[in-house]
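Notes to accompany the following structure.
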Amino acid sequence: MNSTFRKTLLAALIAGLVLPIGARAADVDLAKKIEALSIELEALRAQVKANEEKAKAATPDTAAVSDLKRQVKKLEDKSLSKWLDVGGSYQFRIDNLSGETRPFVDVNATFANAQQALQADFFANPSTLPGSSTYFGGMGMSTSSALTGLMGFASGMAGVATYDDALAFLSNPMNAGMVQGIGAFAAPVPSYKPKNSSLMTNLFNLDLGAKATQDVSITARLSMYKVFGAQDESAFTNAGSAPFAADRVGVFDGTVSHVPSDSRLNVDRVYATWHNIADEPVWFSVGRRPSTAGASTNVRTNDGRPGTGGVPSLLVDYAFDGMTLGWAPDIDGWPGAYAKVCYGVGFESGFRGTPSNSLADTTMLGVAVVPIDTDPLRVWLQWNRGMNIFDAPSMSGTYFGDTSPKTSLGDIDWFGIGAMSTIKNVGPGKLNLFADWGLSRTSPNANVSAQFGFQGLLTGAFFAPEAPASKTGTAISLGMRYDLPSGTKLGLEYNRGSKNWITFAPAADDVWTSKLGTRGNVYEAYVIHELGGKAVSSYFSKTFVRFGVRHYDFKYTGSNNWVGAPVAIADVNGADMMTLTPLKSATDIYATFEVKF
């Protein structure tokens, strides 16, 4: 059975798996036709070969041989392998997780305590009402009045839109008294050491590529990512307690298939690309973008370089819907050079100007310039602007209930420059190196998030609003991987983010939180060993195991969170009201078994 027939048969089998049941009868007929076509093709090839053998001993019939070759080419052009590519990957992963937190006051639990306590008083002592409230007695309130006041307080909070609104709200004596009274219901959380010794996950990707015409193609990836023994993200998000990081509160549009959830096969990416526009080295691509796991993440994950569709992972790791216009000129001295302009939508707000909706879409514009892209050296420069950044994505069933964007907090600009290189013949193997630097700068508007206690874009704390002010953060990511001829690869990585560093990378494959968005230091060492064996399904097929350890040393709160001002971890004490559990440190020891086909 030759390779063309194997590819044809594989494609037919996959088509049979994914098509509706009602179409199976038609599929059987199609499979029979494909098989017959393949048999005919093999017969023609055999005839061509026979004629070529005869040509060694006699003068060949040139016209007959040419005619047979044309028939073979015609049949090959009709084969599935000519226009359809099928590939994918499977990963089994087990993580041993341990960490240490700082003591804090859980805001969500505090409000729940207040409401439950007042309701209990109200229903337990109906004959004595109105009586003095135990908690708001200094305000001369009865329990029923306190309960009503708390409800009114929460309702009034929801109406706060700007920094000035927040100041006016908190300066009201009644509201100030309620803030003080809520302190009686404080839900303090002592320092503790969370641990999960065996978090196991399944990740499956099915990659499809199809050529519609000579210059137009479709690329798609279907993905399933789930925790063993679960059909939701609860095991991944510290369910039942304040989450450890904003990017692990729950699953939303930008992280579907990148944060474990359930066993559904989701569309992770699908986009159409038009090449060679006007016979120039220009392309246009639109759809759900390949804007995740870009350079230099591919070094650690043992993948190939992301190509012209990739993004620097230090700045962006988010599943965007959007479009790209690119140009790849052939310039002497700048091999592989290209530039592109990208646009993506992170949140669609729907109809605006209605009485119930004043939100703007969250969008991102990016410009990438890659002056050289070769195996020995790849250099990239990137600028992105995120516009109308939302305060919370749309998520269901989180620790905070169902969340959605309530306001736009402003814009963020990112600048980055990076390089990666492969140096061959370094001792017995080759050395892969990368370095990436990024800068983030916020441009907050006057809005504050009512659902997060009047915090703004990297400004303020719960019930402590801060005037809008631009803040700048920086980050660096360094790494190396040494590849031995035996198939063993040894890697080391380090990254550091400053106090006000913020990236847009919630879709990173990190369990605790995206390491490239950490405000502090992250150290990682890993070993990859490829299991060998001849590739069957494609040239890039490989099977390997990976063992690694990653350690987070957090210096400030709020890693990967743009709502609220960071606080030095050393300064966090048991009296601080926070929505997220402040992690002091965290370690992840992991092992994977991976198949790429």
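So for region 491-573, averaging the separation of alpha carbon pairs under 8 Å that are six or more residues apart and normalising by length, what relative contact order in percent results?
On the way: 146 pairs, mean separation 25.9, N = 83.
It rounds to 31 percent for region 491-573.
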Principal axis dimensions, region 485-597 - Cα atoms, whole angstrom, descending: 60, 21, 20
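Counting only heavy atoms of protein chains, what accessible area per residue, in Å², does region 376-433 have with a probe of 1.4 Å? Mind showing how you got there, number by number?
Numbers: 2410 Å² over 58 residues.
Averaged over the residues of region 376-433, the accessible area is 42 Å².
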Counting only protein heavy atoms and rolling a 1.4 Å probe, one gets per residue an accessible area for region 249-307 in Å² of 39 Å²
For region 168-218, which whole percent of the accessible surface, found with a 1.4 angstrom probe, sits on carbon and sulfur atoms? 61 percent
Residues whose built amide H sits under 5 Å from the amide H of residue 577, excluding neighbours closer than 5 in sequence, are 105
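How would 233, 594, 280 line up by accessible area, probe 1.4 Å, largest first? Intermediate values should be presented prior to the final figure.
Details: 233 35, 594 10, 280 100 Å².
Putting 233, 594, 280 in descending order of accessible area: 280, 233, 594.
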Pairs over 31 Å Cα to Cα, from 406/555; 340/555; 211/596; 211/542; 430/534, come to 340/555
Counting only residues 5 or more places away or on other chains, whose amide H sits under 5 Å from the amide H of residue 237 once H atoms are built in the peptide plane? none
Please report how far the C-alpha centroid of region 507-581 lies from that of region 460-483, rounded to the nearest whole angstrom. 15 Å
Once R0 is set to 30 Å, what does the formula 1/(1 + (r/R0)^6) return for the Cβ-Cβ distance between residue 63 and residue 211, expressed as a FRET efficiency to the nearest 0.05? 0.40
Under the Karplus curve 6.51 cos²θ - 1.76 cosθ + 1.60, θ = phi - 60°, whole-Hz ³J(HN,Hα) for region 308-322, x wherever Gly or Pro sits: 6, x, x, 10, x, 5, 5, 9, 9, 8, 8, 7, 8, 9, x
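What do you get for trypsin sites (Lys or Arg not before Pro) in region 211-310 restricted to DSSP loop and a cutoff of at most 14 other Cβ within 10 Å of the site's Cβ? Mind dumping the intermediate values first?
Numbers: sites: 211, 221, 226, 248, 264, 269, 288, 300; in loops: 264.
Loop-located and lightly packed - 264.
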Under the rule of at least 5 residues apart or a separate chain, name every residue whose amide H is placed under 5 Å from the amide H of residue 398. 403
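Using a 1.4 angstrom probe on heavy atoms only, work out the carbon and sulfur share of the accessible area of region 221-279 in %.
Details: 1260 of 2440 Å².
C and S fraction of accessible area: 51 percent.
For region 193-267, calculate the relative contact order in percent as a whole number, restricting contacts to Cα pairs under 8 Å that are 6 or more residues apart. Please list the in-between numbers first.
Numbers: 108 pairs, mean separation 23.4, N = 75.
Worked out over region 193-267, it gives 31 percent.
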With a 1.4 Å probe and all protein chains left in place, how much accessible area per residue does region 489-574 have, in Å²? 38 Å²
Kindly list the residues of region 474-505 that lie in the label zone of residue 431, defined by a backbone N under 17 Å from the point 7 Å along the Cα-to-C-beta vector. 478-485, 489-494
For region 453-597, the accessible surface attributable to carbon and sulfur atoms (probe 1.4 angstrom, ligands and nucleic acids excluded) amounts in percent to 64 percent
Accessible area, probe 1.4 Å, largest first, for residues 167, 580, 118: 167, 580, 118
What is the distance in Å between the Cα centroid of region 168-182 and that of region 240-263? 34 Å
Any chymotrypsin sites (Phe, Trp or Tyr not before Pro) in region 312-382 that lie in a DSSP loop and have at most 14 other Cβ atoms within 10 Å would be 351
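The values are calculated or read from the model by the stated rules, or taken from the named source; none is laboratory data. Bear in mind the structure is a predicted one, so any value in this text is a computation, not a measurement. Please note: Cβ atoms are built from the backbone with ideal geometry, for glycine as well, and neighbour counts cover all protein chains shown. With ligands, DNA and RNA removed, areas are computed over all heavy atoms of the protein, side chains included. Shrake-Rupley method; radii C 1.70, N 1.55, O 1.52, S 1.80 Å.
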